[in-house]
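Report on the structure given below.
The values are calculated or read from the model by the stated rules, or taken from the named source; none is laboratory data. Note that the structure is predicted; figures quoted are calculated from it, not measured. Positions of Cβ are generated from backbone atoms using ideal geometry, with glycine treated the same way; all protein chains shown enter the neighbour counts.
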Amino acid sequence: MSVISNLQKTGISRRSFIATSALATASLALSGPAIAAADTGNKNSSAAEVQNVTFCLDYTPNTNHIGIYVAQELGFFDEQNLKVTIVQPAEDSAEAILAMGQAQFGVSYQDYLAGAYSNGMEGFTAIAAILQHNTSGIMSLASSNINRPKDLEGKRYTTWELPVELATVQQVVEKDGGDWSKVLLVPYAVEDDLAGLRANMYDAVWVFEGWAVKNAEVNGVDVNYFSFISIDDVFDFYTPILAVNDKYAKEHPDTVRNFLVAAAKGYEYTIEHPKEAAEILCKAVPELDSDLVEKSVEFLAGQFQADAEQWGVIDSERWARFFAWLNENDLVNKKLDIDAGWTNEYLPQKETKE
């Protein structure tokens, strides 16, 4: 496994992998183990035949991916006759790698898929929600007294200057009665969200609650946080999701279903046994800060399924609502089909009691 950066010991930022967004397509190099080629043999192969598949992370390993590592360690993939190779994207995004068929499965986000689709990159579909709700929002030091979006007036918000990002923050500020023109924008120039706050480089930053806020707790730093979905439910989009290469799914639907059976068991185990799951992830990726991982998984255990009937379910109305918002605000280069880009058809069938 490649050396993991200090980001994992501090605070992985959503900005840290913006550079490998869905717009990047130049090179398809991967870090990590060599990729097993997609199975192109007998599409009706026996159940006992082991299928080799590649799973591409969105970035360096973190607690969003824990169900996959649990499934790997506890033999859930083996039970489905799957050999899964986990890789990290080097220069390109998981979307680009999936589109080219260099990985069969990968991690993405609904907003990343939107950017890819609107720029003509296709060939992959969301097949499961890793987290049931959007757990991102704005973090600030408690001393900054930013308790709600309106409080961003006169404060420095650090931005990676992307239209969707800025439109999101503007909408929550204005919906809270604030004046967006009074929010000071400064370029994002660090890799560690918390360190940037403590160094007074900015007053507020967009983060994932399950990592950056928990990182602040581990480091004993008092922060304030408000989520986007507490202000406007249009931002309850799916972030992150599992995606599949469309050609592979069409040719190997049973393998896709088997993959999700194992993944679901991995995330369900994590929900029931967060401490043990955290230990499994740290064993697989020892560079991670074990205290941060434990805190993060403790929080995410309540988010992986949350109020859904089962892990992985994607709600059609929530998906369409966010895509429609992107269309209405001219945040995509090409209008999106608001009902496209996802499916629940490969999820394990929920058992019904008679």
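Brief remarks follow.
- Only residues that are among the β-branched types (Val, Ile, Thr), assigned to a helix (DSSP H, G or I) and closer than 18 Å to Glu165 by Cβ were counted across segment 187-221, and they come to 0.
- Within segment 233-255, the set of residues being outside any strand (DSSP E or B) and more than 30 Å from Glu294 (Cα to Cα) comprises Val234, Asp246, Lys247, Tyr248, Ala249, Lys250, Glu251, His252, Pro253, Asp254, Thr255.
- Check on Ile280, β-branched (Val, Ile, Thr), within 17 Å of the chain's Cα centre (by Cα) and either assigned by TED's automatic domain parsing to the domain that holds Gln88 or not in a loop (DSSP other than H, G, I, E, B) (or both): no
- Given (1) in contact with a Pro (Cβ under 6 Å, 6 or more places away or on another chain); (2) over 30 Å from Ala204 (Cβ atoms), index of the condition Tyr109 fails: (2)
- Condition check for Glu209: of a type in the set (Asp, Glu), touching a Phe, Trp or Tyr at 6+ places or on another chain (Cβ under 7 Å) and in contact (Cβ under 8 Å) with a residue 24 or more places away in the chain: yes
- Within segment 63-120, being under 30 Å from Asp339 (Cα atoms) and of a type in the set (Ser, Thr, Tyr) holds for Thr63, Ser93, Ser108, Tyr109, Tyr112, Tyr117, Ser118.
Table: residues versus (1) modelled with pLDDT of 95 or more; (2) assigned to a loop (DSSP other than H, G, I, E, B).
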site: Ala116; (1), (2): no, no
site: Ser143; (1), (2): yes, no
site: Gly154; (1), (2): yes, yes
site: Val169; (1), (2): yes, no
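- Residue satisfying condition, being closer than 22 Å to Lys214 by Cβ and of a type outside the set (Phe, Trp, Tyr), within set Gly137, Gly120: Gly137
- When Asn224 is tested against (1) more than 27 Å from Phe304 (Cα to Cα); (2) assigned to a strand (DSSP E or B); (3) in contact with a Ser or Thr (Cβ under 6 Å, 6 or more places away or on another chain), just one condition goes unmet, and that condition is (1).
- For beta carbons closer than 7 Å, sequence separation of 6+ or different chains, a first residue in segment 213-226 that is closer than 17 Å to Thr63 by Cβ and a second that is at pLDDT below 95, the qualifying pairs are Asn215/Thr10; Asn215/Gly11.
- Checked against (1) under 21 Å from the mean Cα position of the chain (by Cα); (2) of a type outside the set (Gly, Ala, Ser); (3) modelled with pLDDT under 50, Ile97 passes all but a single condition, namely (3).
- Residue in segment 232-255 that is surrounded by the most Cβ atoms within 10 Å (Cβ to Cβ), counting only those that are farther than 21 Å from Ser316 by Cα and in contact with a Lys or Arg (Cβ under 8 Å, 6 or more places away or on another chain): His252
- Any hit, segment 329-339, residues being under 30 Å from Asp192 (Cα atoms) and either assigned by TED's automatic domain parsing to the domain that holds Gly123 or surrounded by 13 or more Cβ atoms within 10 Å (Cβ to Cβ) (or both): yes
A quick yes/no check of all residues on (1) part of a strand (DSSP E or B); (2) at pLDDT 90 or above; (3) among the aromatic types (Phe, Trp, Tyr):
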{"residue": "Val3", "(1), (2), (3)": "no, no, no"}
{"residue": "Leu23", "(1), (2), (3)": "no, no, no"}
{"residue": "Gly41", "(1), (2), (3)": "no, no, no"}
{"residue": "Gln72", "(1), (2), (3)": "no, yes, no"}
{"residue": "Val84", "(1), (2), (3)": "yes, yes, no"}
{"residue": "Val87", "(1), (2), (3)": "yes, yes, no"}
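- Residue check, Lys295 without any contact (Cβ under 8 Å) to a residue 60 or more places away in the chain and among the charged types (D, E, K, R): no
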